[in-house]
Structures are given as structure tokens and as C-alpha cells.
Amino acid sequence: MAEQKEHRDGFISLVLGGVVDPILQVFLSEVQVEEIPGGVKIICPNEIIGNIIHQKYSGRIQSAAKKMFGENAEVLFGTRKNPDKVSSSLLFPETVDVLPSSPVCPNYTFENWVVGKSNQMASVAALAVAEAPGSAYNPLFLYGGSGLGKTHLLCAIGNYMKKHKKGFPFCYVTAEEFTTEFIQALQEKRLPQFRKKFRSYRALLIDDIQFFQSKEATQEAFFHLFNSMINNNHQVVISSDCSPSELKDFTSRLVSRFSSGLVADIQPPNYETRIAILKIKMQELKVTLPNFCLGYLAENFPENVRELEGALHRVIVYHSLHQEEELTSDEVLEKILKDLKRPPKNLPSADQIIHSVAQYFSLPAESLLSRKRTRDILFARQVAIYLIRKTLGFSLPEIGHIFQKDHTTILHSLSSMEKKLSTDGQVKSLIAHLEHQILSHRNL
Ligand code: ADP
Ligand code: MG
């Protein structure tokens, strides 16, 4: 038993590879790992968790298995109920490329990509490039924040070519892998082979180009490869976490080449698109959740689709393990997701809130912090206290400290505000207005 646990922990730390990924950790803590001849069997508590692990982490599991059991390691999946029945949907799909390259993730395709206002141009351009590589937009430069689907789109192009252009040699590679391979070739004096290999591809999909920052020699090697590809009408697709002009420590000739084709950005999806993404992800996992859950998730994870999806997985896993506990209210979701929810970034300071409130009531900010007790000052002060508590979550003593009052006075002020809010529509809309103003000016 102890030996099995050790084995499992060893394998799991290989899969994690030093990455802190709370979702992956939760999933893997539910998993048993069994050695089989020539490989490993992953036994999941149920098929739903098996599907999620398989879809999201197959790449990592496969390379951990290779490290532990050799190049030809086999990975099988089973569930706790049926450990020996290996569902075919849970087997790793084949990922064979024409030339050896890092395989594209088979789960990222155009079929399961949601087009919305936030990514329209990038989606259309990606599809055009996949359909007519080298002749639509060359290079295509896609940029956007983390977790907004850049890798998904790049892989979708690769998967499309694989399916519709059989034998068309393309390469998907991350800028980090490219760098490692370049340095290795340099050290082993194999640069000609390195060049030959990359130049033979008809399309190069390179992910996270910002990784080249300050790596002059790699940038130089890439510059020559890039030119040779474009001159031969071979397609180049680049992804980056910022626009070409925002790339730091890049040679200017590379930056200007990046902008010479089409540059398309990917923005965070709006609410409707977030709901559509959640629906497509549920469909893939063959699960359904009540509508209010989708609303809650879309509402609370607005900025990063990876986090939105992580939260969805958490709810699905929780539900599949605790069938008896119904998903009936926001409170249940709050409990399941409490450690995943991040406070919104760039929150205003307490001082900024006091200033905004004072400005709204045409009062000097100092009067809210003074001992004055005229009606309008008392009310404005209550509003500021309430908003500091609500938007920043400060404790009563913390707020007391700002206003030089003890925490019972603050508590009194808060409950009197709550009362007004529940009975007076005007106060309610005033607070909503101020809250919106404060949060939307948070960068100022
Ligand atoms: P990035 O490379 O930009 O950091 P990823 O491509 O890894 O982001 O996307 C993170 C997750 O979000 C992936 O699971 C991806 O499938 C999903 N995703 C992002 N945008 C969309 C979308 N428009 N439609 C479907 N899935 C999406
Ligand atoms: Mg990515």
C-alpha cells in the first residue's frame, strides 16, 4: 500500500513538474496510479473526472509516463468501478505529425472554438490561414492576455491542416521549445540540421513569442527562419501576450516584420460568449449543470477563460463526487469555488473611495474623516464606510482606524446603511451608481 502511494506520488509530482496548478492537484489527488507492463494505468474515481484529466492534461501525463517508463510508455485509463475496462474514449488519441514536431493538442479545434465579438477577427483570420496557408495573411500575429485562447487557436489551425490537408508538413512549437532546441543545436554544432528541419515545414505555428525577450541569438536565428519562410510563401503564425509594438527587448527589424501581415487581438469574452464557452465545454465532457451555475461562473470569472474553465471543472468534479449535495444555490458554489475566486485587480484604495464619495456630495474629503456630524456629512460618511467594506472587504477595526472610530460605531453605521438599502430605492441606486463609478475608474 505504502509502496503504491509512493509510486503514485512520484508519478504525480512528475506530471506536475513543479507547476502550481490547484485544479490539477485536486484532480490528481483523486486518482490512483498503477504500473502495468510497459506503462501506467490511471484509475479515476469516475468517468467524468477521467474525461477532464484526459482532455486537459493528456500531454503532461504522457510526457511524465515517457520519463518514468521510457519512450514507448503506454498510458491507459480506467475508472474505480471498472478498473480493468478501459474506455476507448479515454484512450489517448494518436498524435502523429508528418515531420517530428511537438504535436498539437488534439482537443483544440475550430469545432469547439466559440467565436464572439472579442475574438472575431482573430478567428476568421486563423480559419483563413488554415484553409489557404501562405496565401491569406502572412504572417498572422495573434495577441491577447493569458488564458484567452491563443494556444487553442494555433492548435486549431494545426488540427485543421491535419484533417483537411493530409501530408501538409507543419510545425507547432512554443517559443520556449524553439529556444531550447536552438541552444542545443548550437552547443552540439548542429545548426545546419536545425535550419534545414525548420525550413522544410510549410507552416510554422509558434506560440508565446514574448519568450524571446532579450534572447538575441535566438531572435537572430528566428529572424532568418522567418524571412526564409515568408519568401517561400510558407505560412507563419505567431502568438504573443502583447502586440508587436509592446514586445520588450526585441530587435526592431523583427518587430516590424511581425506587423507586416495581419495583427489581430483577442480580448476577454463578454458574458454571452462566456456562457457559450461553458456550454461547449460541458458538451465535450457530456455533463449538464443547472443554468444558474453557468450564470454564476460567467459572472464570477470574467477575465480569463482558463480560470473560467477551471472553475467549471471544479464544480463538475465536486458534483460528481458529492451527488447527495445538490447544486441548488449560489452559496454552494461560493463554498466550492472560494479559493479560486480572485479579488478583482486594480481595486481602488480606501482613500480613493472616500474622495469619490466626497466629490459626489460636493464635500471636502477631509470632512468625511472629521468629527463633524451635520446630516449630509454623516450620510456621506456612512456611504463611504459601506463602500469600503463592500468593495475592499476591510474588517471593522481596519475601517475604524481610517475614520478614527471604534468598530462598534462602524458596525452601527453599516447596519443603518443596510436598512436604508433595503427600504429606500433611491439609496440603492445611489450606491449602485457610486460602486460602478469607483470600480470603473479603478485604473485612475
Ligand atoms: P492562452 O494560450 O491564450 O493562454 P489557451 O489557448 O490555453 O489560452 O486557452 C485557455 C482555455 O480556454 C483553453 O482550454 C481553451 O480551450 C479555452 N478557450 C479560450 N477561448 C475560447 C473560446 N473562444 N472558445 C472555446 N474555448 C476557449
Ligand atoms: Mg498559451
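Read-outs throughout are calculated quantities, based only on the coordinates presented, and are distinct from any laboratory measurement. Quantities reported herein were computed from a predicted structural model and do not represent experimental measurements. Using ideal geometry, Cβ is built from the backbone for each residue, glycine included, and neighbour counts are taken over all protein chains shown.
Considering helices alone, the calculated mean residue ellipticity of the chain at 222 nm is -17000 deg cm²/dmol, with DSSP H runs of length four and up weighted by -39500 (n - 2.57) and normalised per residue. Extension gain, THR423-VAL124: 0.36 nm per intervening residue step, less the Cα-Cα distance, totals 102.6 nm.
Anisotropy class assigned to the range 230-380 is oblate, per the alpha carbon gyration tensor with a/c at or over the 1.5 cut-off and a/b no larger than b/c. Distance from the alpha carbon centroid of the range 150-181 to that of the range 377-412 works out to 55 angstrom. Which lysines have a Cα less than 29 Å from the Cα of LYS390, not counting those fewer than 8 places away in the same chain? Filter leaves LYS335, LYS338, LYS341, LYS345, LYS372, LYS405, LYS419, LYS420, LYS428.
Pick from ILE385, ILE49, ILE206: which is most flexible by mean-square fluctuation in a GNM of the chain where alpha carbon atoms under 10 Å apart are linked? Comparing ILE385, ILE49, ILE206 in the GNM, the peak value goes to ILE385. The modelled label-to-label distance for the pair LYS117/PHE168, using points 7 Å beyond Cα in the direction of Cβ, is 3.2 nm.
Between the beta carbons of LEU411 and GLN193, assuming R0 = 60 Å, the FRET efficiency works out to 0.25 to the nearest 0.05. Residue separation of LYS335 and LYS279 scaled by 0.36 nm, minus their Cα-Cα distance, works out to 17.9 nm of gained length. Beta-bridge orientation, the chain: approximately 15 percent antiparallel, per DSSP, counting only bridges with both partners inside. Positive-end ranking of ILE353, SER370, LEU337 along the dipole of the range 336-444, with charges on Cβ about the Cα centre, is headed by LEU337.
Stretch ASN107-SER256 to full length: gain in nm at 0.36 nm per residue minus the Cα-Cα span?
So the extension gain works out to 50.3 nm.
By definition, a body whose alpha carbon gyration tensor gives a ≥ b ≥ c is oblate when a/c is 1.5 or more and a/b is not larger than b/c, and the range 32-74 fits this oblate description.
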